[in-house]
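Only the coordinates and a few stated rules stand behind these numbers; no lab work does. Because the structure is a prediction, the values reported are computed rather than measured. Heads up, the Cβs are rebuilt from the backbone with ideal geometry, glycines too, and the neighbour counts pull from every protein chain shown.
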């Protein structure tokens with residue numbers, strides 16, 4: 001049951017993040033939301049935190065590729081390969097959020 005709740009939360013959060021990513025240029029807010037989303041997903045369903053982080057990062061990277069081809073690409077992006085650093089950064093941020101939830105859960109269980 002927790003997995004279904006986490007999947008529903010993931011779908012809703014990813015939809016909001018994609019919408020904000022494609023229509024906003026405020027990077028700080030997006031980074032905070034990616035961290036928070038990865039943290040919440042791992043807190044709801046703590047098994048395999050890397051999977052939540054990769055799901056989140058891959059969906060946002062696919063949105064960037066879609067925006068490159070069918071939307072208005074971001075300034076400075078000449079090829080699809082120039083999206084790779086963005087994808088790596090999103091992956092790192094989401095992994096940080098997911099494993100922060102694991103660390104917090106471990107700290108609480110130890111005390």
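One table, with the values for the structure above:
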{"read-out": "Per-bin percent of Cα-Cα distances, the chain [5 Å]", "value": "2, 13, 22, 23, 17, 11, 7, 3, 1, 1, 0"}
{"read-out": "Rough spin-label spacing in nm, given labels placed 7 Å along Cα→Cβ, for residue 100 and residue 23", "value": "2.6"}
{"read-out": "Between helix 27-44 and the chain: long-axis angle, C-alpha atoms, 0 to 90°, nearest 10", "value": "30"}
{"read-out": "Angle in degrees between helix 84-110 and the longest Cα principal axis of the chain, rounded to the nearest 10", "value": "10"}
{"read-out": "Gain upon complete extension [residue 58, residue 32; 0.36 nm per residue less C-alpha separation]", "value": "7.6 nm"}
{"read-out": "Inter-label distance for residue 88 and residue 4, nm, one decimal - labels placed 7 Å from Cα along Cα-to-Cβ", "value": "4.1"}
{"read-out": "Tilt relative to the chain, helix 2-23 - C-alpha long axis, 0 to 90 degrees, to 10", "value": "30"}
{"read-out": "Max mean-square fluctuation residue, GNM over the chain, Cα-Cα springs under 10 Å, options 85, 75, 49", "value": "75"}
{"read-out": "Relative contact order of the chain, pairs being alpha-carbon contacts under 8 Å that are 6 or more residues apart, as %", "value": "36"}
